[in-house]
Amino acid sequence: MIAALFALAAAPSLKILFIGNSHTANFDIANQVKNLLQSGKPAREVVVSTQIGAMLNTIADSNAVFQKIQNGHWDIVVLQGAQVSSSHKYKYPQDGAVTLAKASLKAGARVLLYVEWPRRGWDESEFTLDVYREIRAEAKGSEVVPVCNAWNMLLGRDKDWDLWAGDGNHTNLPGSYLASCVLATWIDGPAAKFTWEPKGIGDFGAIARETAVKVVKAAQPKS
């Protein structure tokens, strides 16, 4: 099962479509993932494209995005931007997200549901994970990628880690690299060896890659 999950990693080329909002766009998560994947397998060409909007529910109102999914021959579609109650008091319908996931699966892509990090000072990862799990339940075959768990793992060891921008919602450079490492590790599997780092990441680069491996291993089904 695990071998099949990471079968795409052996392909000579990989096409990935990222659909999301500013949590995907800031610090160019798509190209960070591309750089990581190519550093792990330099002979492989990785092509990425992004479709940026507000929430998946509103992005799904565009016929153009479905044409892009259907005609792009994507190996992987990454979906981020489910509508999540900021107060945790409400449950919103995820019809648009489910429709995007189903369309991507029908087009033959592997679908990754990218679960964002918690806001600074908020214990909300399980709440957010549950929203994405509901999407997975409707779009069977999609995969929940718990990027949020990397934040929880690091902050559980040291609450002084600074992974956010000034608004406490978006990431800074280390936070974006951590998210990218989790996504790349999920795609290629925990045995992958990535070397690429953005300029200015310093010693955090190795910490981010090690944390991503631990998060992905912990989320894998036990055989």
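Taken together, the values in this text are just the output of simple stated rules run on the coordinates, not laboratory data. As the structure is a computational prediction, the values presented were derived from the model and not from experiment. As a convention, Cβ positions derive from the backbone with ideal geometry for all residues, glycine included, and neighbour counts pool all protein chains shown.
Cα to Cα, under 22 Å, and not fewer than 8 places away if on the same chain: which lysines meet these conditions relative to Lys199? Straight-distance partners of Lys199: Lys34, Lys41. Within segment 68-123, the chymotrypsin sites (Phe, Trp or Tyr not before Pro) that combine a DSSP coil assignment with at most 15 other C-beta atoms in a 10 angstrom radius are Tyr90, Trp122.
Annotation: amide H-H contacts under 5 Å for Arg110 (H modelled 1.01 Å from N, sequence separation of 5 or more, or interchain): Ile76, Val77.
First check a/c for segment 104-145, with a ≥ b ≥ c the square roots of the eigenvalues of its C-alpha gyration tensor; if it is under 1.5, answer rounded, and if not, answer prolate when a/b is larger than b/c or oblate otherwise.
On the way: a/c = 4.80, a/b = 2.39, b/c = 2.01.
In terms of gyration-tensor shape, prolate.
Put a dot 7 Å past the Cα of Asp61, heading toward its Cβ, do the same for Glu138, and the two dots end up 1.7 nm apart. Close amide H pairs (under 5 Å, H built 1.01 Å from N) link Thr171 with Ala165, residues at least 5 positions away or on another chain.
Each Lys or Arg adds one and each Asp or Glu subtracts one; over the other residues with Cβ under 14 Å from the Cβ of Ser142, this totals +3.
When a/c reaches 1.5 or more, the comparison of a/b and b/c decides; with that in mind, is segment 2-219 rounded, prolate or oblate per its Cα gyration tensor? Spell out each step's value before the answer.
On the way: a/c = 1.58, a/b = 1.07, b/c = 1.48.
Cα axes put segment 2-219 in the oblate bin.
For segment 205-210, putting each phi into the Karplus relation 6.51 cos²θ - 1.76 cosθ + 1.60 with θ = phi - 60° gives couplings of x, 5, 4, 5, 5, 5 Hz, in residue order, rounded to whole numbers and with x for Gly and Pro. Extension gain for Asn152-Asn169 works out to 4.6 nm (0.36 nm per residue, less the C-alpha to C-alpha distance). Considering only Leu163, Gly72, Leu36, and ranking their Cα positions along the charge dipole of the chain that arises from unit charges at the beta-carbon of Lys, Arg, Asp and Glu, the one farthest toward the positive end is Gly72. As a calculated quantity, the FRET efficiency between Lys91 and Ala191 at R0 = 45 Å, using C-beta atoms, amounts to about 0.75. Residues Thr211, Thr50, Thr195, Thr24, ranked from the fewest to the most other C-beta atoms within 10 Å, line up as Thr195, Thr50, Thr211, Thr24.
In debye to the nearest 20, how big a dipole does the chain give about its Cα centre with +1 on each Lys and Arg Cβ and -1 on each Asp and Glu Cβ?
Values: 23 positive and 21 negative charges, 120 e Å.
That gives the chain a dipole magnitude of about 580 debye.
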